[in-house]
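Undergrad: Got a structure here, written out as structure tokens. Questions coming.
No value in this document is a laboratory result; all are computed from the given coordinates. Here the structure is a predicted model, which is why all the values come from computation and not from measurement. Note that we place each Cβ from the backbone using ideal geometry, even for glycine, and neighbour counts take in every protein chain shown.
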Amino acid sequence: MSAGKVQLRKGDLVEVIAGKERGKQGKVLRINREAERLFIEKLNIVKRHTRPTQSNPKGGIVEKEGGIHLSNVMVVCSNCAKAARVGIKILPDGRKLRYCKRCKEVLDKEAR
């Protein structure tokens with residue numbers, strides 16, 4: 001997968017299809033397109049040992065979301081409520097819309 005062909009966006013509901021978090025769903029917090037990884041809310045939690053700083057004077061062990069590779073997730077369609085592949089429709093005015101290939105429902109909220 002190339003970094004330019006990612007059909008996921010921040011805020012999308014996705015389902016993990018491979019790995020230790022398989023079958024779980026969550027909201028995309030952020031996407032790192034260069035590393036082809038995304039971070040999903042409350043999934044793939046990792047522990048980081050941090051040293052004391054001004055913002056965190058005690059330091060200690062911090063739990064946060066770890067990255068999951070883009071190929072291990074699929075978008076969950078809001079209409080059919082299942083993980084589905086995403087297609088792109090180009091409108092006559094040149095805008096691109098993402099749609100569910102399972103039920104043909106448009107995924108982008110601003111286009112509805």
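Undergrad: Under a GNM of the chain (C-alpha, springs under 10 Å), which listed residue has the highest mean-square fluctuation: Lys82, Lys58, Lys47?
TA: It is Lys58.
Undergrad: With +1 on each Lys and Arg Cβ and -1 on each Asp and Glu Cβ, how big is the dipole of segment 1-49 about its Cα centre, in debye rounded to the nearest 20?
TA: Working: 13 positive and 6 negative charges, 36 e Å.
Dipole size: approximately 180 debye.
Undergrad: Counting alpha carbon pairs within less than 8 Å and at least 6 residues apart, what relative contact order, in whole percent, applies to the chain? Intermediate results must be reported in sequence, preceding the final value.
TA: On the way: 203 pairs, mean separation 21.8, N = 112.
Across the chain, relative contact order equals 19 percent.
Undergrad: What residues of segment 41-76 lie in the reach of a label at Arg33, counting those whose backbone N is under 15 Å from a point 7 Å from the Cα along Cα→Cβ?
TA: 70
Undergrad: Now a separate question. So which aspartates and glutamates can Lys109 reach, going by Cα to Cα under 16 Å and dropping same-chain residues fewer than 8 places off?
TA: Partners found: Asp12.
Undergrad: Compute the Rg/Rh shape ratio of the chain: radius of gyration over Kirkwood radius, all on alpha-carbon atoms. Walk me through the intermediate numbers first.
TA: Working: Rg = 16.9 Å, Rh = 15.6 Å.
That ratio equals 1.08.
Undergrad: Further question on the same structure: Excluding residues on the same chain fewer than 8 positions from Lys64, give the lysines whose Cα lies under 26 Å from its Cα.
TA: Within the straight-line cut-off, Lys64 pairs with Lys10, Lys20, Lys24, Lys27, Lys42, Lys47.
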